[in-house]
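The values are calculated or read from the model by the stated rules, or taken from the named source; none is laboratory data. Keep in mind it's a predicted model, so treat the numbers as computed, not measured. All Cβ positions, glycine included, derive from the backbone under ideal geometry; neighbour counts span all protein chains shown.
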Amino acid sequence: MAPPSKTPAEAVEDYRGRTVRLLSCLTSAHATVSGYQAADHPHRLLLARGDAARLHAESRLTLLVTEQYEVRQSTAGWYVEIVGYLYAIGYEGRELVSYHWHPGGKSPITQPHVHVAANVEVGDRWFGKVHLPTGMVGLEQVVALAIGEPLRDDWERLINEAAAR
């Protein structure tokens, strides 16, 4: 977790900045946040306005990033906590793998899980629709998975710094 900030807006901007630096290893797409204050509902960080962003190294590879976050205060100051995510890597317009965590959503599956694109029937269900449990998955893990030809020479340092938080 990042050091606490003096204001809620400073905490959100620090979070957005760290996320943008990490994503800059793969894409120049813009990341936006929806809120800078504590609220009774989560805010969202979106890469490319919620669309799949093309990755630099492989033009047919895409990355979709949506994080839900809350702005919280501790005795030390303000910080941002991620409370949900959707990370998806796609190829030629088709999702290959997507990591989900939506504890406050409509789905009865509230634990972190992954979906894999597989056109395989398992019993009476399609494997691609199965929720495979993962535990928490950090954006840095998805970025490391998607790295082909990184845009930055310091990509390993950025991934390691993100993993240490």
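Would you point out which residue out of Thr75, Thr66 is of a type in the set (Val, Ile, Thr), surrounded by fewer than 17 Cβ atoms within 10 Å (Cβ to Cβ) and farther than 23 Å from Ala163 by Cα?
None of the other options fit; the residue is Thr75.
Which numbered condition in (1) farther than 18 Å from Ala144 by Cα; (2) in a strand (DSSP E or B); (3) among the charged types (D, E, K, R) is the only one that Glu10 fails?
That leaves (2) as the condition not met.
Can you tell me which residue among Leu47, Leu22, Leu63 is closer than 23 Å to Arg152 by Cβ, out of contact with any Ser or Thr (no Cβ under 7 Å at 6 or more places or on another chain) and touching a residue at least 60 places away in the same chain (Cβ under 8 Å)?
Residue meeting the stated conditions: Leu22.
Of Glu140, Glu161, which residue is surrounded by fewer than 15 Cβ atoms within 10 Å (Cβ to Cβ), closer than 26 Å to Ser34 by Cβ, charged (D, E, K, R) and modelled with pLDDT of 90 or more?
Being surrounded by fewer than 15 Cβ atoms within 10 Å (Cβ to Cβ), closer than 26 Å to Ser34 by Cβ, charged (D, E, K, R) and modelled with pLDDT of 90 or more holds for just one of Glu140, Glu161, which is Glu161.
For region 43-55, which positions are surrounded by 18 or more Cβ atoms within 10 Å (Cβ to Cβ) and in a loop (DSSP other than H, G, I, E, B)?
Those that are surrounded by 18 or more Cβ atoms within 10 Å (Cβ to Cβ) and in a loop (DSSP other than H, G, I, E, B): Ala52, Leu55.
May I ask you to list the residues in region 15-26 that are assigned to a loop (DSSP other than H, G, I, E, B) and surrounded by 22 or more Cβ atoms within 10 Å (Cβ to Cβ)?
Across region 15-26, the qualifying residues are Cys25, Leu26.
Starting from region 137-160, take each residue that is small (Gly, Ala, Ser) and list its partners that are assigned to a helix (DSSP H, G or I), counting only C-beta distances under 9 angstrom and pairs at least six apart or across chains.
Gly138/Ala162; Gly138/Ala163; Ala144/Trp155; Ala144/Glu156; Ala144/Ile159; Ala144/Ala163
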